[in-house]
């Protein structure tokens with residue numbers, strides 16, 4: 001398995017980041033899926049996002065690595081990150097450690113694809 005950014009000619013990864021501080025997004029309505037009709041279409045509002053709010057991480061200055069909490073390696077990665085950040089900002093490190101604990105307790109852990 002390789003990172004998408006290393007196998008794509010445009011060096012874009014699997015994910016892009018949307019810098020929400022640059023966008024005023026409406027809250028999406030809660031949609032209830034009824035068990036008797038699991039194939040009913042789900043309505044989602046169309047949202048326009050300005051291009052300067054989207055970060056593809058495809059340059060040296062914009063590189064990033066996304067870790068979803070269901071990733072089976074997330075707890076270890078986030079724990080190490082929190083430990084490294086602790087001396088600079090214990091409050092921030094504590095919040096990251098809380099995410100690591102949440103990742104550890106996930107029942108839907110899976111190997112990244």
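A short reminder: the numbers here are calculations on the coordinates, not readings from a lab. Being a predicted model, the structure only gives us computed values, none of them experimental. Virtual Cβ from ideal backbone geometry, glycine too; neighbours counted across all protein chains shown.
With no solvent and one point per C-alpha, what does the Debye sum give as log10 I(q)/I(0) for region 68-113 at q = 0.15, 0.16, 0.17, 0.29 Å⁻¹? Computed log10 I(q)/I(0) values: -0.35, -0.39, -0.43, -0.92. Length gained on full extension, residue 111 to residue 80: 9.3 nm, using 0.36 nm per residue less the C-alpha separation. Each label point was placed 7 Å from the Cα along the Cα-to-Cβ direction; for residue 98 and residue 51 their separation is 3.8 nm. Can you give the extra length, in nm with one decimal, that the chain gains between residue 87 and residue 3 once fully stretched, where that is 0.36 nm per residue apart less the Cα-Cα distance? Gain on stretching residue 87 to residue 3: 27.2 nm.
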